[in-house]
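Heads up, the thing below is written out as structure tokens.
What follows is calculated from the coordinates using simple rules that are stated; it is not laboratory data. Predicted, not measured: the structure shown is a model, and the values here were computed from it. When we count neighbours, we look across all protein chains shown, and the Cβ atoms used for this are built from the backbone with ideal geometry, even at glycine.
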Amino acid sequence: MSTVAPTESFVHPALFYRGHEQYVAGTVPFVLDGLAAGEPVAVAVPGPQLELIRAELGARADAVHFVDMPRAGRNPGRIIPGVLRAFADGHRDKRVRIIGEPIWAGRTSLEYPACVQHEALINTAFRGRDVTILCPYDVDRLDATVLTDAYATHPVVIENGRELTSSTYDPDHIVARYNEPLAAPSAGAAEMAFTLEELVAARHFAVRHAQELGLDGGTQLGDLALVVAELTTNSVVHGGGSGTLWVWGEGRQLVCQVRDSGTMEDPLAGRRPPARGQRGGRGLLMVHHLGDLVRVHTSKTGTTIRCYLHN
Amino acid sequence: MHGIRSWGYFVGVPHGADHSPGEPKRTTALLAVHALQDRPGVRAVGEISLTTLIAWEQLLEKIASEPSHAFFLDLAAVSFIDVAGASALAVTAQNLGAGRRIVVGRPPFELERLMGLFWPDLPTIEMVAQ
């Protein structure tokens, strides 16, 4: 039997687990309770954990929607629109249950700020919704800081079968705390200033430098053109009318970055799926969908958005 | 009949005439539209991005008011379309009258990518290679 009882509309507990046994004990009853109550259930976790849950459910797994989180949620910025709301919005007539594990041991220090901000923003994104999202945390393999942060991003933490109200719950603080200045672009990064008149040139500049870095066409170059067009256009329209673009390679990834003098006031920008018939509102959402990782730093003096594209 | 004469226009202002000597020549996006002679439709030439978006939306409004069941939109000569341009097309297609559709000829990479991402099952847009 699950220890999670929905006493509010949106319920967002963290599950601290050690080993397979605790993982199964903490997740499978949560799934079964949902199925018994007639609630749609989704499980979005890394592959090995997904197989554990699937095996334990047996034939009952057929009623569950499984998502490979490292693929669908590689960029944590697209988990809310692409995984969580994609499922919840498809079942608006009833309470929905989701297991979402966005932070696993392989997440890098570069990814982590975006991951923990995502966990914090779930609370805002789902406020008032009839949704329960259970977030497992591997206590043995994650840093102590990650676990401390989980208390700030989840109002309730379940550990050893006990449900504890978090006294340090403060998701807004986490969003602000991890709004960190980004490291400077690589030494060899190509740089270009732009205004409205250079939007086309900026896009061509980015593609040309990506080609020099070894990209030879296809999806990556096309995705880069879309991302650069969106970020530079955003600077011209909303970010003070001008900005600076950088492009460089980092390992196997292509990186583009745009800085302008605007301030991003809405931390959920790019994470709300617009209505199908809505004209605007897909720009940053698209960047999140195309990028492997999107890091943002915003302040009163300007905003920097950096997008990592798979090479 | 599909108002052949009324379709031909050219938008976007080429920059460069006012640039100082030594300053890099500026270019901005252009979009030209030509009526097709053999069927209800137009051929767009240029790119669809911020500076041509209004013209693109005006074109889409005209397409929406066309009486033909299948309107052909040849994008073979469109070098780029951004997410705002793709959204405008998708929303226009969603609001077409019953039985109507837009047939997009040789869409640029970005349009196929964005349709797959945001409108994977929109029956009123048909994308064709020719």
Any idea what angle helix A:47-57 forms with the longest principal axis of chain A, computed on alpha-carbon atoms, 0 to 90 degrees, nearest 10? 30
Taking B:K62, A:K300 and counting other C-beta atoms within 10 Å, the order from fewest to most: A:K300, B:K62
What's the angle, to the nearest 10 degrees (0 to 90), between helix A:112-125's Cα axis and the longest principal axis of chain A? 70
Tell me, what is the Rg over Rh of the stretch A:214-311, with Rh the Kirkwood radius over Cα pairs? 0.97
For the protein assembly as shown, the dipole about the Cα centre with charges only on Cβ (Lys and Arg +1, Asp and Glu -1), to the nearest 20 debye, works out at 800
Please get the size of the charge dipole for the stretch B:90-129, origin at its Cα centre, with Cβ charges of +1 on Lys and Arg and -1 on Asp and Glu, quoted in debye to the nearest 20. 120
Could you work out the local net charge near A:H288, counting Lys and Arg as +1, Asp and Glu as -1, over the other residues with Cβ closer than 9 Å to its Cβ? +2
Label-to-label distance, nm, for residues given as B:I54 and A:D266 (7 Å Cα→Cβ offset): 2.3
Fewest first, what order do B:D38, A:D260 take by the number of other Cβ atoms within 10 Å? B:D38, A:D260
Viscosity 1.306 mPa s, 10 °C: Kirkwood-radius Stokes-Einstein D of the stretch A:110-183 over Cα pairs, µm²/s: 121
Least to most buried among A:T263, B:T28 (fewest other Cβ within 10 Å first): A:T263, B:T28
Mind running the shape call on the stretch A:227-273? Use the C-alpha gyration tensor, a ≥ b ≥ c as the square roots of the eigenvalues: rounded below 1.5 for a/c, prolate if a/b tops b/c, oblate otherwise. oblate
Helix A:19-36: angle to the longest alpha-carbon principal axis of chain A, degrees 0 to 90, nearest 10? 80
How many partner chain Cβ atoms sit within 10 Å of a residue's Cβ in peptide A:221-230, on average, as a whole number? 4
Cβ charges +1 (Lys, Arg) and -1 (Asp, Glu), total dipole of the stretch A:149-221, debye: 100
Using only alpha-carbon positions, what ratio does the radius of gyration of the protein assembly as shown give when scaled by 2.2 N^0.38 Å? 1.08
Rounded to whole Å, give me the distance from the Cα center of the stretch B:38-60 to that of the stretch A:204-238. 22
Run through the stretch A:178-220 and list the GluC sites (Glu not before Pro) located in a DSSP loop whose Cβ has at most 15 other Cβ atoms within 10 Å. none
What distance in nm lies between label points placed 7 Å from Cα along the C-beta direction at A:S242 and B:A76? 4.2
So what is the 222 nm mean residue ellipticity for the protein assembly as shown from helices alone, if each DSSP H run of at least 4 adds -39500 (n - 2.57) and you divide by all residues, rounding to the nearest 500 deg cm²/dmol? -10000 deg cm²/dmol
For the stretch A:150-156, Karplus couplings with θ = phi - 60° (6.51, -1.76, 1.60), whole Hz, Gly/Pro x: 4, 5, 7, 9, 10, x, 9
Would you work out which of A:T301, A:G214, A:T263 lies farthest towards the positive end of the dipole of the stretch A:190-310, given +1 charges on the beta-carbon of Lys and Arg and -1 on that of Asp and Glu, about the Cα centre? A:T263
Would you please give the FRET efficiency between A:R127 and B:E61, computed as 1/(1 + (r/R0)^6) with r the Cβ-Cβ distance and R0 = 35 Å, to the nearest 0.05? 0.40
Taking only C-alpha positions in the stretch A:75-152, Rg and Dmax in angstrom work out to 13.0, 39
